[in-house]
Amino acid sequence: MAFLITNLLNAQFGSKQLISETGGFEVFTFDLDGDGDQDVLEAGFYDISWYENVDGLGDFSSQLLISSQNDWDAVYAGDIDGDGDLDIVGVALMWQKPINISKVAWFENLDGLGNFGAEQLIDYDENFLILGGVITVDIDNDGDLDILSGSFSDISWYENMNGLGQFSERQIITTDVSRVTDLSVVDIDEDGDLDIISCSTHVNQLTWYENLDGLGNFGVQQIIATNIGEALSIYISDLNGDGYKDVLVATSESSEVSWFENTDGLGDFGQQQIIYSLEHRGNKVLARDIDNDGDMDVLSGSYDPPFGLGTIAWYENIDGQGTFGTQQIISQEENFGYTFFASDLDNDSDIDIVGASTAQVGWLENLTPLSINGNSKLDFSIYPNPVNDYLYFKNVSDNKKVSIYDISGRLIKSVKLSEVEKIDVCNLQSGTYILRVDNKESVVLIKE
């Protein structure tokens, strides 16, 4: 007999799987080689690198250098030249006495396969200290990607003049900031264009700037909160299910993860709501549906300087309305987790974690099988069930992925049915397993 599983197991994560023993300041995941899975992009201490997701299941290549020069502090990806693949934008902050130098540059993805060209300089300036990251975004709504950055003294953008990667000089949005540490771009007031949200540590402010005309002309600073304890990271997401974009914050000095409700969808925000008071300095915050229940949970990263104990944790959105549970630790170890990102690295339709710090990059698998709401009929046959030696598949199309989990959510094996038409389960212990087909449907499998 076979039936579809209907209960959801609590979210669980596996142990760290090492990607590289070279660490970095920032990590993201993008499909850099166009093969449909998420690769890892890293801004290191002396390089920009990426790691190919070789099989789409989380087996990564060795380090692939994009640039081995300068102190790269921030990195992002986007189709800068409009040719359909992802290029790389980086920010380098070079501490050199008696002056400090920052630069913004981009690297073309030459063939769509992750072979990148030489550095193309966008901006180079003495005593212009870019620290708040870099984002590729269509600020002026002309169909190509511009570049937004934050510095010690301003928020600026560079217009993509021809859609091919020829950029304008720096255009200042505001100088009413002091040490911008993070930026986000989203339609915060629901008027159809992209606004800017930022945090500044030297003045302890969380602010936003309205895109007045959709063309990149921004209004005056609007304060969301002050005296919030040195915010280092922000993330924008609808946390209470009302359709409006709220603001998540991680703070270093006050060591808190908190959020601010967008009360009317027009950019009017409520009071700070603390999710958790951290043991160490908050460094990173994200929102993802970790437990696959349809609402946005919260992820945080904290660290014990200098680059000591790193903690990556999550907080369940209990009611889908912004009531969060206690801290659930995903990873906690020395010299790991200074920064992290969250996406599906093994193509099993749940959210995994990639983390980095001074000495390594690694990832942690979300082991929780998806829940299935209702009963849906498979379009091919799986037999026998219960099974003893081999599980057979009949009338199945090529390239379907089959994964077997134990009831704790641990992945036992994963295969593609273009390569086999049966799975050897001889070595499985007797008991109940969860068999997920093509990341969409889960079947209870009984091993005799």
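The values are calculated or read from the model by the stated rules, or taken from the named source; none is laboratory data. Please read all numbers here as calculations on a predicted model, not as lab measurements. Virtual Cβ from ideal backbone geometry, glycine too; neighbours counted across all protein chains shown. Ligands, DNA and RNA are excluded from the accessible area calculation, which covers all protein heavy atoms including side chains. Shrake-Rupley method; radii C 1.70, N 1.55, O 1.52, S 1.80 Å.
The criterion of at least 2 residues that are within 17 Å of the chain's Cα centre (by Cα) is met, among strands (runs of 3 or more DSSP E) falling completely within the range 244-310, by 246-251, 281-288, 297-303. Would you mind finding the one in VAL40, VAL91 that is in contact (Cβ under 8 Å) with a residue 24 or more places away in the chain, assigned to a strand (DSSP E or B) and farther than 17 Å from ASP352 by Cβ? Selected residue: VAL91, the only one of VAL40, VAL91 that is in contact (Cβ under 8 Å) with a residue 24 or more places away in the chain, assigned to a strand (DSSP E or B) and farther than 17 Å from ASP352 by Cβ. On the stretch given as the range 292-310, residues that are over 18 Å from LEU248 (Cα atoms) and either modelled with pLDDT of 95 or more or open to solvent by less than 20 Å² (accessible area, probe 1.4 Å) (or both) total 2.
Filtering the range 198-210 to residues that are open to solvent by 20 Å² or more (accessible area, probe 1.4 Å) and more than 16 Å from VAL137 (Cα to Cα) leaves HIS202, VAL203, ASN204, GLN205. Quick check on the range 129-159: of everything there that is hydroxyl-bearing (Ser, Thr, Tyr) and open to solvent by 10 Å² or more (accessible area, probe 1.4 Å), which residue is nearest to ILE80 (Cα to Cα)? This residue is THR136.
Yes/no matrix, rows are residues, columns are (1) farther than 27 Å from ASP291 by Cα; (2) surrounded by 20 or more Cβ atoms within 10 Å (Cβ to Cβ); (3) modelled with pLDDT under 90:
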position: MET1; (1), (2), (3): yes, no, yes
position: THR6; (1), (2), (3): no, no, yes
position: ASN10; (1), (2), (3): no, no, yes
position: GLU26; (1), (2), (3): no, yes, no
position: PHE30; (1), (2), (3): no, no, no
position: GLU42; (1), (2), (3): no, yes, no
position: TRP50; (1), (2), (3): yes, yes, no
position: VAL54; (1), (2), (3): no, no, no
position: SER62; (1), (2), (3): yes, no, no
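Listed by position, the strands (runs of 3 or more DSSP E) contained in the range 331-401 that have at least 2 residues being within 21 Å of GLY301 (Cβ to Cβ), in contact with a strand residue (DSSP E or B) (Cβ under 9 Å, 6 or more places away or on another chain) and modelled with pLDDT of 85 or more are 339-343, 352-356, 361-364.
Residues considered: ASP195, ASP213, ASP191. Of these, the only one that is of a type in the set (D, E, K, R), surrounded by fewer than 16 Cβ atoms within 10 Å (Cβ to Cβ) and closer than 16 Å to LYS245 by Cα is ASP191. Looking only at residues of the range 234-243 that are in a strand (DSSP E or B) and either touching a residue at least 60 places away in the same chain (Cβ under 8 Å) or not polar (S, T, N, Q) (or both), we find that the one that is nearest to ASN204 (Cα to Cα) is ILE234.
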